[in-house]
């Protein structure tokens, strides 16, 4: 140590003594907390402070289910289950535990319960079951009424079921839940019917049919490497950790109405992030309307795959049509759809992937690190044998935990993933920079190289200055390594940083709340997430004041660009991945319509003459991956109003839904019911059930907003 | 609550065994442990935060969380190393909470609020030490508190923070640069 340090060291050594009274107070408080911890040992492990009455299974039970699969074995353990049930019902604070959805021998539980509940006093159990009965009846009738649909990509585990047991018995998926904060044990004791949610193709159980025994065939469970881990359904996210909820979101004021004569040009960066939809979904599933800041309408619209016309030679195709606005008879919606190319799997360039994983202590929750591991495992099966994978962690045991390994060596990669533990402080100088260093080591001519950052919001990756971080990522992007961000869990989410990092890294920011979402992002839409086909995509629309009096861009508030930024190739914009679709909606008021909100200027000029067959002119710029100069596509927007197809109608319904969640003032009397009707009529094929899920969310929002 | 005087035998028991006993529910052991380490914990908190009020809050946080954290003390590391780590994490959590509030009011990437906060604290203490510590970024501050404040070797500090020794050495050189810059500003 040198002399610069001497002064500092001396000053640091010289700390004042603790105040005696404060010391006593602290020691007393510590002792109290110690005593409390001793009384109920399970509580010591809990981090959920939200009082819940009997909401989950003990972890031990689920581990047991993991081990036992045959009916007989399950039958034998029902006694234990019942015993466990009673314990849960009595234990006052809900635990952060999981409920295997339908793998339970519901019926036989009931018959054996009286005999096989050795440990616990009967009255409690019966009382509890009676109480549950009543609630269940109400629940069951409610759920029957609701449309029962469920995304069926893999096991459809709706993440935030507060109802631990309910997840397992009468109505497994939280979808049906009418959202009350007190979780209901929808465990119909007298008539245990297990209604498997329509896991559609999953396990071949037909929608709506109630199985008598409710066990899921083992091969279906094999879908997941560790079924029980995957079934982790954490409870109320509001207080998921000991600390207060520090979720922050990035957003701006909703786009204002613009008068064409004064401000005819709208310039926007096109992006396909979908995080906002997942956050909205997680909020609604847990019984509260999402914070307005969390709602980005364009991300909700872009969450869904649409079938626009496929492109032929260009990386993507553009389709524009205009139709009547659902919520306003006097205006129209200009619907701009971009469809990205989907090259054949064999034609895609080899992929170099570095998982940069946050393993700090806060990641230990069931919906964070375990879900992350599950998700990455799912993704592995989608990689080709010559894709390379490496893993770097940035907390606790910081550093590279897996050197670049071909994806063919699945066992090695999954073994490393399994060994990841949450714990330790965050702060890894080694973290981000090391991940990039590893990525650069893997880079080869013609490859796609990407760092996939998975975190619950802790971005303390060693670069303490956020601007330095942004610049660093931007530089790396320019040299060929991209970055995508996956957010997990609630309570610590730093949405703004996620967005900023993904934007700078030419990647996608997605929020993963359930395993189905993981599957969507990392399996079904993997190509889009990892393989860009167009970078820095910007659109610029100039509206014709002769035909359009006012216009308003719906969503994209955080992606607005300045007018001159359009032609400036140095301005960063969004990316389109292989197979992705992007949708932008403008609500326009034709000249002369009675829905015009602004009066014409008294002292201004009369509207200039322009071609009256055009609404506006659309310009689009994009760059081929790796190129520095952009290409331009131009197309006029005709005035003719057409009948909207299903895709356009559905997009409009979601846009309306998003605006309702933001309490938009320009929707008139349009309500959730209207959104539901519109979406229902535009479901089309919906192979994965995403649209049906959206409609369920609308219903939830409707009931929530009436309170 | 009267403070129970730990019996003489406990005085000579190692930290690690006391911690294990406390984790298993031995109240006496827990009290003994706290008595031994409270002052040192408070001193460390002062070095981390620079303000008495913050240090007291931080110490309280740690003391209250200690019983549950003890369950995860596996006895592999030295107890003091483990305790340092708990303290650094707790400080980090506090900072993050404060930062989120600041961010929520001013937007991401805006250091104005932090600067204003720092100015206010300067007005309170005018202390050279506080000024220096506040001007350091969080990770450097933690490192300095451990090496210069607590007197840990760079190797031990690296263990506490979960980093490599090289990283710690790099950080200390960054601190040196900061100190020099401050020194120059003072002369000017």
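Rule-based calculations on the coordinates, nothing more; no lab input. On a predicted model such as this, the values are computed, not experimentally measured, just so you know. When we count neighbours, we look across all protein chains shown, and the Cβ atoms used for this are built from the backbone with ideal geometry, even at glycine.
Using Cα pairs under 8 angstrom and six or more residues apart, how large is the relative contact order of region A:239-373, in percent? The partial results should precede the final answer.
Working: 100 pairs, mean separation 21.4, N = 135.
Normalised by residue count, the contact order of region A:239-373 is 16 percent.
Grab the beta carbon distance between residue A:9 and residue A:663, set R0 = 60 Å, and tell me the FRET efficiency rounded to 0.05. It would help to have the intermediate numbers written out before the result.
Details: r = 56 Å, r/R0 = 0.94.
According to the calculation, E is roughly 0.60.
Using the alpha carbons of region A:284-324, what is the convex hull volume per residue in cubic angstrom, as a whole number? Write down the numbers at each step before the final one.
Details: hull volume 5.9 nm³, N = 41.
With only Cα atoms used, region A:284-324 gives 143 Å³ per residue.
Could you state, as a whole-number percent, how many of the C-alpha pairs of region A:512-611 are farther apart than 23 Å?
Numbers: 2528 of 4950 pairs.
Counting every Cα pair in region A:512-611, those more than 23 Å apart make up 51 percent.
Region A:516-675: Rg/Rh from Cα coordinates, Kirkwood Rh?
Numbers: Rg = 18.5 Å, Rh = 18.5 Å.
Here Rg/Rh amounts to 1.00.
Taking the inverse of the average 1/r across all pairs of different Cα atoms in region B:137-188, what Kirkwood radius in Å do you get? Show your work: numbers first, answer last.
Values: mean 1/r = 0.0886 Å⁻¹.
About 11.3 Å, per the Kirkwood formula over Cα pairs.
Please give the direction-averaged projected area of the C-alpha convex hull for region A:320-399, in square nanometres with one decimal.
Details: hull surface 39.5 nm².
That works out to 9.9 nm².
So what's the Cα pair-distance distribution over region A:575-647, bin width 10 Å, in %?
Pair shares across the bins are 12, 32, 30, 19, 7, 0.
Take the alpha carbon atoms of region A:328-368, find their center, do the same for region A:514-568, and report the distance between the two centers in whole angstrom.
Between the Cα centres of region A:328-368 and region A:514-568 lies a distance of 13 Å.
Once you have a ≥ b ≥ c as the square roots of the Cα gyration tensor eigenvalues for region A:588-707, tell me rounded if a/c is under 1.5, and otherwise prolate or oblate according to whether a/b is larger than b/c. Write out the running numbers ahead of the final one.
Numbers: a/c = 2.19, a/b = 1.28, b/c = 1.71.
Because a/c hits 1.5 or more and a/b fails to exceed b/c, region A:588-707 counts as oblate.
Give the relative contact order (percent, whole number) for region A:550-609; include only Cα pairs under 8 Å separated by 6+ residues. Spell out each step's value before the answer.
On the way: 24 pairs, mean separation 29.2, N = 60.
Computed value for region A:550-609: 49 percent relative contact order.
Given a cut-off of 18 Å, what percent of all Cα-Cα pairs of region A:357-457 lie beyond it?
Numbers: 2297 of 5050 pairs.
It works out to 45 percent of all Cα pairs.
Give me the compactness ratio for region B:8-78, meaning the Cα radius of gyration over 2.2 N^0.38 Å.
1.16
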